[in-house]
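Working notes, structure below.
The values are calculated or read from the model by the stated rules, or taken from the named source; none is laboratory data. Only a predicted model underlies this, so the values are computations on that prediction, with no experimental measurement involved. Neighbour counts are summed over all protein chains in view; Cβ atoms, including those assigned to glycine, are modelled from backbone coordinates with ideal geometry. Keep in mind that these areas ignore ligands, DNA and RNA; they rest on the heavy atoms of the full protein, side chains included. Shrake-Rupley method; radii C 1.70, N 1.55, O 1.52, S 1.80 Å.
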2 protein chains.
Amino acid sequence: MRVEDFLLSPEELCQRRGPNDDIVLSSRVRLARNLDSAPFPGWAKRKAKIEIMERILPEIESLSLFDDGFIESMDALKSQEKQLLVERHLISREHAARGAGSAVVINKEESLCVMVNEEDHLRMQAIRPGFQITEAWEAINGLDDELEERLPYAFSGEFGYLTACPTNVGTAIRVSAMLHLPGLVLAEQVNQVVNSVNKLGLAVRGFYGEGTDTLGHVFQISNQMTLGESEPEIVQRLSKVLSQIIGNEQNAREKLLDDRPETVWNHIGRAYGTLSNAYSISSKETMNLLSLLRLGVELGYFEDLSIHKIDELFIVTQPNHLQQAADGKLASNARDLLRADILRERLASVGRPKPDKNSA
Amino acid sequence: MRVEDFLLSPEELCQRRGPNDDIVLSSRVRLARNLDSAPFPGWAKRKAKIEIMERILPEIESLSLFDDGFIESMDALKSQEKQLLVERHLISREHAARGAGSAVVINKEESLCVMVNEEDHLRMQAIRPGFQITEAWEAINGLDDELEERLPYAFSGEFGYLTACPTNVGTAIRVSAMLHLPGLVLAEQVNQVVNSVNKLGLAVRGFYGEGTDTLGHVFQISNQMTLGESEPEIVQRLSKVLSQIIGNEQNAREKLLDDRPETVWNHIGRAYGTLSNAYSISSKETMNLLSLLRLGVELGYFEDLSIHKIDELFIVTQPNHLQQAADGKLASNARDLLRADILRERLASVGRPKPDKNSA
């Protein structure tokens, strides 16, 4: 099956809502696991990788969790299909570069996925909309239990789960959330929050994970340490910090609207003006401006615009989703034109924002 | 009479059109003159300056050219009134700083004005809309002839008219035009044109004359030399160069629309989007964006917008015109809010630009 035919439409995907999803866009938990007595993917020869993959895939396929799911070897996917999966956060950029001996498995709901022979033999991930760290943890824990019954995991009594990279050893868990923090950005308090979060041993990154700039007032927060704490402790600690950041963002928005509402109106108005009138726009600018538009919707400034319509725009304006829509290879410049066409078209019926001046 | 009560409304002012005014916003000619056997204003004591002024003003007042005109000593004007005159290009910034002993005279149509005791005893200027350098020259020449009959000018057979600053000596003429060159700016050819013009001994400056940045794709071009050429020669040389620049700008616009119309649409669309949705905007950004909007009108992209409506916005969004509208002293931040309010309000009924995609 082609990736395009399997994936939920952006519209379907964005209908899903979760708690606090005005601030927490999504919650994710991933676990890294390796088979006992088998070389890590980075050290394994092609043949060994294929053997490992062929041992793992049938076990995953046998699980009812993946009924009607997507299962494919990475060498069977076109580059563009892989990039679509990256943009959906279903595989990593690194995994997209892999071929024979690596595979990807995704469940029907796109809420569970497994990368086979990425950096580790198994990288499994659960995603949930909104603030659902605990729910995501429970889902991935259930999958992990099922696989552990079927596959011999590399485990040390001293260190815990063994991983290719020592930074993951132990629980091998990464708990993360995607946060939408325009209030803290506009109030110029976001660096303060990022610093505090860093001091608590948590990492803050841009939209696509490590090595990317922070984009569009969207931040990813995750645990750094995988040793010395149990999985539930890590999940609980991140939940606490997230609750605090949600509070910070809510306060920042309220205070901004009290103290200098024009700043908020100005950013949202300009974002709307540019998105609905540009004829060329980059991916990065789009994300920044959509983020401000989302804030406008949350504040009730738009009559004809919903959060999920904006979340859909976040998805469809990404480079590889545009490629897919254009059914071919577009140069970056042509993508910027097409992106602007889509935005103008989808926003054509949306009236200008109407901030409630009286509430200020 | 208060300056506000005398000045034409921005609306009246912008109804006036002239040849090629899609590119040449206005044409101006000014002459500097001094009285024989009287100290230049910079050297004159207060008493001497007042004597000079009292000798000059009745002669100007006696001319029918200034019937129903405005005549006032600079110390009788409030700072805000002076700034309004600066924004209308009727007096210089330097003259606005002067008080007792200096004066300003403006004719009813705001097409002729005289500064008394600016840098020279007399600085007289004629302004015309569009490309009317020759007409402006004829107007100022007529005024000069009338005054020369009434006042003894400082004149040297060797040097010509004597002036306070040696750079003006000789003809003491400055011929200038305000040019709107968005095509050359967007095509990134404007520096080339500026360099060529400089090589011809002409100066290119920003909107408010010397020492200001170039703003909003609006450039002022003027002669540098006042010695060695007669006035008609200077006027003719500038006219030739202007005709060439008009051609360059027209070519740049056509070529842009042929080669990369999206660049033009993108700039005009974004300008419209920002101007009609911002809640805070600086004077400089406004001028830049209005300039692009003007190009959009010239290209027929707007159904409900006229050139003179935009030219009016250029005037009313200037800092001191805003002060006047607000009837009081506004901080810079408050002006940015008021400016955005005015722009949103005046553009509320203007529909999105509709570039003619077929013509591309």
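Rundown of residues vs (1) of a type in the set (G, A, S); (2) open to solvent by less than 50 Å² (accessible area, probe 1.4 Å), yes/no style:
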site	(1), (2)
A:S280	yes, yes
A:S283	yes, yes
A:N288	no, yes
A:L292	no, yes
A:L295	no, yes
A:P319	no, yes
A:A334	yes, yes
A:V350	no, yes
A:D356	no, no
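Identify all residues within region B:321-332 that are open to solvent by 70 Å² or more (accessible area, probe 1.4 Å) and either at pLDDT 85 or above or part of a loop (DSSP other than H, G, I, E, B) (or both); write none if there are none.
Passing the criteria: B:D327, B:K329.
Looking at the structure I just gave you, is A:R344 at pLDDT 90 or above, over 23 Å from the mean Cα position of the chain (by Cα) and either within 14 Å of another protein chain (Cβ to nearest Cβ) or over 23 Å from A:P129 (Cα atoms) (or both)?
When the stated conditions are applied, A:R344 passes them.
Just give me the residues in region B:70-79 being surrounded by fewer than 19 Cβ atoms within 10 Å (Cβ to Cβ) and part of a helix (DSSP H, G or I), in sequence order.
B:D75, B:A76, B:S79
Here is a yes/no grid of residues against (1) touching a Lys or Arg at 6+ places or on another chain (Cβ under 7 Å); (2) in a helix (DSSP H, G or I); (3) under 30 Å from B:Q318 (Cα atoms):
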residue	(1), (2), (3)
B:C113	no, no, yes
B:E119	no, no, yes
B:R128	no, no, yes
B:E135	yes, yes, yes
B:A139	no, yes, yes
B:E146	no, yes, no
B:T163	no, no, no
B:E188	no, no, yes
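What's the number of the condition B:E11 fails, among (1) touching a strand residue (DSSP E or B) at 6+ places or on another chain (Cβ under 9 Å); (2) under 30 Å from B:L179 (Cα atoms); (3) among the acidic types (D, E)?
So B:E11 meets the others, but not (1).
For every residue, the table says whether it meets (1) in contact with a helix residue (DSSP H, G or I) (Cβ under 7 Å, 6 or more places away or on another chain); (2) of a type in the set (A, V, I, L, M, F, W, C); (3) closer than 29 Å to B:N223 by Cβ; (4) surrounded by 13 or more Cβ atoms within 10 Å (Cβ to Cβ).
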| residue | (1), (2), (3), (4) |
| --- | --- |
| B:V3 | yes, yes, no, yes |
| B:L8 | no, yes, yes, yes |
| B:L35 | yes, yes, yes, yes |
| B:G42 | no, no, yes, no |
| B:R46 | no, no, no, no |
| B:E54 | no, no, no, yes |
| B:I60 | yes, yes, yes, yes |
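Being closer than 28 Å to A:S37 by Cβ and either of a type in the set (S, T, N, Q) or outside any strand (DSSP E or B) (or both): is that true of A:G183 here?
no
Does region A:165-194 hold any residues that are touching a residue at least 40 places away in the same chain (Cβ under 8 Å) and over 23 Å from A:V235 (Cβ atoms), and which are they?
A:P182, A:G183, A:L184, A:L186, A:A187, A:Q189
Just to be sure before I move on: is A:K108 open to solvent by 20 Å² or more (accessible area, probe 1.4 Å) and farther than 24 Å from A:F314 by Cα in the structure I sent?
The answer is no for A:K108.
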